[in-house]
1. Going by average Cβ neighbours within 10 Å, how do the peptides 76-82, 142-148, 252-258 rank, with the highest at the top?
2. How many angstrom lie between the Cα centre of region 207-225 and the Cα centre of region 234-274?
3. Return the FRET efficiency for the residue pair ALA48, ALA103: r is the Cβ-Cβ distance, R0 is 25 Å, and the value is rounded to the nearest 0.05.
4. Near TYR199, within a Cβ-to-Cβ distance under 15 Å, what is the net charge of the other residues, with Lys and Arg +1 and Asp and Glu -1?
5. Averaged per residue, what accessible surface does region 126-269 expose to a 1.4 Å probe, in Å²?
6. Please calculate the 1.4 Å probe accessible area of VAL276, with all protein chains present, and give it to the nearest 10 Å².
7. For region 67-201, calculate the relative contact order in percent as a whole number, restricting contacts to Cα pairs under 8 Å that are 6 or more residues apart.
8. Within region 120-247, what whole-number % of the accessible surface is contributed by carbon and sulfur, with the 1.4 Å probe and all protein chains included in the calculation?
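The values are calculated or read from the model by the stated rules, or taken from the named source; none is laboratory data. Please read all numbers here as calculations on a predicted model, not as lab measurements. With ideal geometry, Cβ positions are generated from the backbone for all residues, glycine too; neighbour counts draw on all protein chains shown. For the accessible areas, the whole protein counts, side chains as well, though only heavy atoms, and no ligand, DNA or RNA atoms are used. Shrake-Rupley method; radii C 1.70, N 1.55, O 1.52, S 1.80 Å.
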Amino acid sequence: MKLHLSTKDYLFMLSFTLSNSLYAANVQIDFEELPLVSSDFYNGSDLAGGFVSYGMDFNNLYTNITSTCCWQGWAYSQTTDTTTPGAANQYSAFAGSGAAGSAKYGIAFSGFDAGGGIIPEITLPVNSTPASVQITNTTYAALSMQTGDGFAKKFGGLSGNDPDWFLLTVNGLNVADTVVGNVSLYLADYRFANSAEDYILDQWTEVDLTPLANLDVRKLSFRLSSTDNGQFGMNTPAYFALDNFFVDVTTTPGDFDVNGSVELPDLTIWNTHYGVDLKAAFNHGDADKDGDVDGTDFLTWQENFTTVASITQSIPEPTTLFITGGLTLGLYLPGRRHQIFI
């Protein structure tokens, strides 16, 4: 038989079994959900002062000197130019794409380390701890170190034997903005006795952040240093690229956007990633942490759904949904009504 339910009845049906238990969810910040409207990068020119991805706050300072200048802190990008030198190509990762071939990634510029400005920082939500992140050079910084430019030296010098290095230090800060721990990664290292081992990082490299996990870290601060310095600060371009930032967040199962409640937008996230069966993260809709997005994850969302409110737009249409009691649910919204096949 066929049973017709109004939107109100359906939402009540979804919310009748609430579960407020919390658990640690592994959230992946990969920038893929962030919009790019009129260009291949976002640099804060809207003067928003930063952007948020799944509860993580990325700082940005934009000074409107020209139509493209100037920004500090964080931007995000999908540019792929690995050959053009200079600041005009400041938004490209030297790896040629995001981590694992993804489209988007973050770009950091530390104005502070370049001679004056702000430090790139990520503020974490309460009840979260950093787990890992992938880092690589930008094309701008890599080619500057590789060949030198009007401001910076060629790493290794004319002989190739200068012991140059370019270092990223990730500091963990507590609520008082006091550094309580750090981890580091050499973005370039020319200190080896055998110059054939010298390198400029050109691939995404994972950095383990778990040494910072139990130190009440509420913010990550990213500092750059180099052997090439001048009167006003570091000569090496103070840039790096970041992707696949994993954070363990204590939240309600089904809260896929990590905003503290289980709502209809979380169902949209589940629906968007439904069928992903390899390395899915919690914020992709993987509520049971088994690496895929399937009907079991929908059940978890359903059991924790907390918003019973009128809606003015259609609920996204999944391929197949399941509801408690073993009912198979074919969901669509012609005339804003739901048809359930029993």
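1. 252-258, 142-148, 76-82
2. Value for the Cα centre distance between the two parts: 18 Å.
3. On the way: r = 21 Å, r/R0 = 0.86.
My answer for the efficiency is 0.70.
4. Values: positive: LYS154, ARG191; negative: ASP162, ASP164, ASP189, GLU197, ASP198, ASP202.
Around TYR199, the surrounding residues sum to -4.
5. Numbers: 6060 Å² over 144 residues.
Spelled out: the 1.4 Å probe surface of region 126-269, per residue, equals 42 Å².
6. Rounded to the nearest 10, the figure is 50 Å².
7. About 19 percent, as a whole number.
8. Roughly 49 percent, rounded to a whole number.
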